[in-house]
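Right, one structure below, let's go through it.
The values are calculated or read from the model by the stated rules, or taken from the named source; none is laboratory data. Note that the structure is predicted; figures quoted are calculated from it, not measured. Methodologically, a virtual Cβ is constructed for each residue, glycine included, from the backbone with ideal geometry; neighbour enumeration extends over all protein chains shown. Just the protein is used for accessible areas: all its heavy atoms, side chains included, with ligands, DNA and RNA removed. Shrake-Rupley method; radii C 1.70, N 1.55, O 1.52, S 1.80 Å.
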Amino acid sequence: MSQLHLLLLVASAAVVLAGYSSSTDESTDASNSIGDTKCDKNPLSELTFQLSGSSLHWPCESTKNIYVQSGRYVPRNVIVTRAQLQRDSAFVALPRYKQGVPFTLGKVNLKKGECLTKIAPYPCWAIQEEGNCQALQSVVDIAVDQNGLLWALDVGIVNTLEQPIRRCSPKIVAINTANHKVVKSIDLSDLVTSESRLQFIVVDYSKDNKPFVYVADAGARSILVYDITGNKSYRIVLPKATAPTSDVLYVALTAKPDGTSTLFFSYLSSPRLYSIKGEYLRVGQGAGSIIDVGPKPYGKQAVLLGADGGTSLFFRYKGENDIYLWDSETCFKAANLQEVQRGGDCRLSTQVLPGHKRFMWALESNFHDFISDRTGCNGASIVLHPVVRECDD
């Protein structure tokens, strides 16, 4: 790997986080609720879960001590950036941005009233071994599909914010959450280029129930498509006009009741939002299929946080934490954006997702402090909670 490419990878990781700072069971129904649609003075504090790099589940204390003494566990270097909810559990991605992250894919139990919950490696410790290409190296995003399969995007590069090291080729790993077994591993070597920076993953199903995986490749200005059943892959190269600079390529998938899906995407630096229907992605048809949805409201840089499993998308503006909902069946303009959560000062949302208790949930952290090494000994402040609109004082 060239020094230039390593620098690009460092910049990519920093921009993904700085961009934030400066569907199964209960989670596939578009009717997931947002706290109280009017307001709520007590925003479900008993369903607010704190996650921390200093609160991991270890097989025994001696194992933890070995990891600490060898430098393989540095609590302040652990951060959760993405999550997926399934019933009363949350699967979480812990990218190895810095040295000392003992595992990169985890699971937490969302037990009501348990404020600080421990993160356990998922599905087991053996699959987390750094340097073993049969194991997970650095999971940057995850998706749980309608059949209970967890799809993990492993970029294969560790210590991205310090001294990047390519341990293995990028891959997608599918895990059956019913029996916790790895059912598929997809090597992405043939789909990536020297400029590739893989950032997000979504899973789509055709109307005949065949699975497809879409991956955002910001560096190569592409959407990677993998046909799981047909064992085929495509690279959809996006028009240059969609990417003023190749910083963060956000993607989110909407679905109508008839099974029609649409992938919405936008670079952080782009002033516009774009989309392409799933039926075109699934056959590798990009030319002439991309729709310019419209300019981002107020000319601000917008962070696409996720979808509700139906036709609604969630946004926030760069450096701000107020969350807005937009129904993609309406015109993309400020008048059609609904504020669904007023943000605080300490943390910023990295994701909004459907799930547990039929709420929409927000994952927040102070990753801007994490990047700047200002998190202290306990590491980043990470919270998972229902999206709730609070009353004005």
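A few notes on this one:
- Leu313 falls short on exactly one of the conditions (1) of a type in the set (A, V, I, L, M, F, W, C); (2) closer than 19 Å to Val80 by Cα; (3) open to solvent by less than 20 Å² (accessible area, probe 1.4 Å), and that condition is (2).
- Test: Pro257 is under 27 Å from Ala334 (Cβ atoms), modelled with pLDDT under 95 and not in a strand (DSSP E or B): no
- Given (1) modelled with pLDDT of 95 or more; (2) touching a Ser or Thr at 6+ places or on another chain (Cβ under 9 Å); (3) over 22 Å from Val225 (Cβ atoms), index of the condition Thr311 fails: (3)
- Taking the numbered list (1) touching a strand residue (DSSP E or B) at 6+ places or on another chain (Cβ under 6 Å); (2) among the acidic types (Asp, Glu); (3) more than 19 Å from Val155 (Cα to Cα) in turn, Asp208 passes all entries but (1).
- Residues that are surrounded by fewer than 23 Cβ atoms within 10 Å (Cβ to Cβ), at pLDDT 85 or above and outside any strand (DSSP E or B), drawn from segment 346-371: Arg347, Asn366, Asp369, Ile371
- Tally, over segment 217-233, of residues that are surrounded by fewer than 20 Cβ atoms within 10 Å (Cβ to Cβ) and touching an Asp or Glu at 6+ places or on another chain (Cβ under 8 Å): 1
- Here Val303 meets each of (1) open to solvent by 20 Å² or more (accessible area, probe 1.4 Å); (2) in contact with a strand residue (DSSP E or B) (Cβ under 9 Å, 6 or more places away or on another chain) with one exception, condition (1).
- Scan of segment 372-393 for residues that are within 30 Å of Val74 (Cα to Cα) and either among the aromatic types (Phe, Trp, Tyr) or part of a loop (DSSP other than H, G, I, E, B) (or both), ordered by number: Ser372, Asp373, Arg374, Thr375, Gly376, Cys377, Asn378, Gly379, Ala380, Ser381
- Of all the listed residues (Ser138, Ser169), the sole one being among the small types (Gly, Ala, Ser) and open to solvent by 10 Å² or more (accessible area, probe 1.4 Å) is Ser169.
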